[in-house]
Amino acid sequence: MPEGRMSEAALELRGLEKRFGAQTAVAAIDLQVQQGEFVTLLGPSGCGKTTTLNMIAGFITPDAGSIRLGGRAVENLPPHRRDLGIVFQDYALFPHRNAAENVAFGLRMRKLAKTEIAARVADALRMVRLDGLDKRRPLQLSGGQRQRVALARALVIRPALLLLDEPLSNLDLKLREEMRSEISTLQRRLGIATVFVTHDQDEALTMSDRIAVMRQGRIEQIGTARDIYERPASVFVATFIGSTNLVRAKPAGPPSEGLVPLATAAGPAILRLDRPLAAGADLLLAIRPERLQLTPTGTAPDGSTAWPVRIEGVTYLGGRLEIALRLADGSPATAHAMNLGAMAWQPGHVADAWFRPDDAWPILDGGASDGAAP
Amino acid sequence: MRRPVSYLALLAAVALIYLFMLGPILITAVVSFNRSDRSYFPPRGLSLHWWGAAFTPQWTGAFVFSLELAALSAIATTIAGLPLALAFRSYEFPGKAAIQAMTLGPLVLPSLVTGIALLQFLTLAGLGSWIGLPALLIGHVVICLPFSVRTIAISLASIPVSAELAAASLGASPGAVLREITLPLARSGVGAGMIFAFISSFDDVNLALFVSSPRQTPITVQIMQFLEFGFSPTLAALSILSMLVPLALVALCGRVVGIGGYLQQEQGHA
Ligand SMILES: Nc1ncnc2c1ncn2[C@@H]1O[C@H](COP(=O)(O)OP(=O)(O)O)[C@@H](O)[C@H]1O
Ligand SMILES: [Mg+2]
């Protein structure tokens, strides 16, 4: 690839759209993936992840929008001229060819010399730790091994972009975690721009540079794992990733020194925000259970928000306790506490639940964030 | 252990079915070794005389013609059936339903009717000179095409679409995908369709009765015509021969093309 293109985004989608009959599978997607970046499309089944990937790959034609690979418009290029490495959910290995032949396929199509093909195939198989299994047919390989062949086959052609569609969902838990870190390591080492599709939030959180959370054909929010988890742009994002407490709230006065007072259903609250909230806005305050801490009434630290709560139940989870609470307005909430042995919260106790100004995040009721999101 | 009555009944039914299926064939085979010129069973004395009579030009000519016709039919049917099956699978095009119906239609039509129709058509179209090999070939392709398209379609349907997409993403042009992935993976269906066409053509008498010419007559029609003068042990020998050819072919191609064997081998190692 010419030097000049290296500065271009590896992938740029603008206004990408696809309808199937009356149903809109993908609605106006914008996305940029930088060179070397690992971006995950995360969303529930049917939200349009595969359709998006298929349009990038050229397997289906978009109804609208543009696709650029390394700065080059590819909407009119057939799949075999897009130079992409793709790993499919079912691996899509060629059943009539052995592991080495599967890996060699893309190189053969590129008409490379036999000796170079052999060398690169051997390298690729070693890279995914499959050396010695090169003569095995796909059906003679385990799920994890097939996965590795698929990965080697996609990477050996040194594609400009790697696309992975739920590559781990057919593996059992232990193997899944192993492959997760293996793919991450490989991706970093090769520095290859990657679009990874999953409906598994753990995969998304642990592997990605950035996550695009999708819902009904749209990208609901895009950002780092931390952005997505700690500053969710919508109720959907807040509840799809991890669990969260949502409390109705309204701004209760002008901000001072970056601190914004709120009136909530559970009591007054103070947030640290870098932007003001629209006066009178209907908000949902999102607080992760692990950020909500319990303390005897009146003992919360200065400058924090403390709400009176009643303890409804305690679930023992080993390393931590899940404590069911009832807020002042009678609505339920959940707090997680480290299991430090001495904790003696019992159902029926009254306590204060408190959090710091940085530990909660306002979401505009009805979807979008308050505008304080990046 | 006491076996239930229903089990014994099933056993009896199966035995009867085999008896009725294989019995006549065995009897025919034995009859062909008669010394007498009548078809006695059990035979009165043994002789290879009638087998010798079967290997005279009158019969071998028709036999070879049948083989040639069957081979041509199998090839032509596959050449027509493969693109049809591929198109039916991959494309939506105007008139697809109609073409599908036309392709699969002869399946429900007695080949006798197809034969009469073909004869009338050729006569009306002034193509009477086609009667003989060309007409037989056309007729057999029409009869065999539904089976060929079906079996190829079934094996195409078993190919994971993602394998073809993967090949394309790895740089394979549509032609290369067909050559490298689709056809190799569909070969058992193509092979089965081909063998089926060969056997259907070789066995056919209904259609061939109408469009054979005196010089181009398949063995089946020849036997039919000879039967008008009565049965001779030669016919028994010929029948056995005509039966062995398709059987041998199935056995042979089963190995070469690997119908089913391909899959068994894969699973055997899994
Ligand atoms: N070929 C198709 N024809 C009709 N509808 C489709 C087709 N492919 C996908 N869809 C629909 O588009 C939506 C998005 O599908 P998909 O991209 O596969 O979702 P995901 O991969 O996120 O689970 C789904 O509602 C699905 O039913
Ligand atoms: Mg999908």
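The values are calculated or read from the model by the stated rules, or taken from the named source; none is laboratory data. All values derive from a computational prediction rather than experimental measurement. All Cβ positions, glycine included, derive from the backbone under ideal geometry; neighbour counts span all protein chains shown. These area figures cover heavy atoms from the full protein model, side chains too; ligands, DNA and RNA do not enter into them. Shrake-Rupley method; radii C 1.70, N 1.55, O 1.52, S 1.80 Å.
Computed quantities for the displayed model
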quantity: Cα long-axis angle, helix B:111-124 against chain B (0 to 90 degrees, to the nearest 10); calculated: 80
quantity: Among B:12, B:135, B:29: highest mean-square fluctuation, GNM of chain B, C-alpha pairs under 10 Å; calculated: B:12
quantity: Solvent-accessible heavy-atom area per residue, rounded to whole Å², over the protein assembly as shown at 1.4 Å; calculated: 49
quantity: Relative contact order (%) - chain B, alpha-carbon pairs under 8 angstrom, separation at least six; calculated: 28
quantity: In Å², nearest 10: area of residue A:51 left accessible to a 1.4 Å probe; calculated: 20
quantity: Most mobile listed residue (A:318, A:280, A:143) in chain A, GNM with C-alpha springs under 10 Å; calculated: A:318
quantity: Under 27 Å, Cα to Cα: Lys pairs in the protein assembly as shown, sequence gap 8 or more or different chains; calculated: 6
quantity: Chain A: antiparallel DSSP beta bridges as a percent of all, rounded to 5; calculated: 80
quantity: For the range A:243-364: relative contact order, % (alpha-carbon pairs under 8 angstrom, 6 or more apart); calculated: 30
quantity: With Cα atoms, 0 to 90° folded angle of helix A:143-155 axis to chain A main axis; calculated: 70
quantity: Estimated 222 nm signal from helices in chain B, with DSSP H stretches of n ≥ 4 weighted -39500 (n - 2.57), rounded to 500; calculated: -23500 deg cm²/dmol
quantity: Crossing angle, helix A:173-190 versus chain A [Cα axis fit, 0-90 degrees, rounded to tens]; calculated: 70
quantity: Value at 222 nm in deg cm²/dmol, rounded to 500, when DSSP H runs of n ≥ 4 in chain A each add -39,500 (n - 2.57); calculated: -6500 deg cm²/dmol
quantity: Protection-proxy order for peptides A:73-80, B:36-43, A:52-59, A:243-250, each taking the mean of Cβ atoms within 10 Å per residue, highest first; calculated: A:52-59, A:243-250, A:73-80, B:36-43
quantity: Whether the range B:53-268 is rounded, prolate or oblate, judged on the alpha carbon gyration tensor where a/c under 1.5 counts as rounded; calculated: oblate
quantity: Relative contact order (%) - the range A:251-309, alpha-carbon pairs under 8 angstrom, separation at least six; calculated: 29
quantity: Segment residue B:213-residue B:229, length gained on full extension (0.36 nm per residue, minus Cα span); calculated: 3.8 nm
quantity: Cα-Cα P(r), the protein assembly as shown, percent of pairs per 10 Å interval; calculated: 3, 12, 16, 15, 14, 12, 10, 7, 5, 4, 2, 0, 0
quantity: Candidates A:15, A:48, A:253, ranked by Gaussian network fluctuation over chain A, Cα under 10 Å, top entry; calculated: A:253
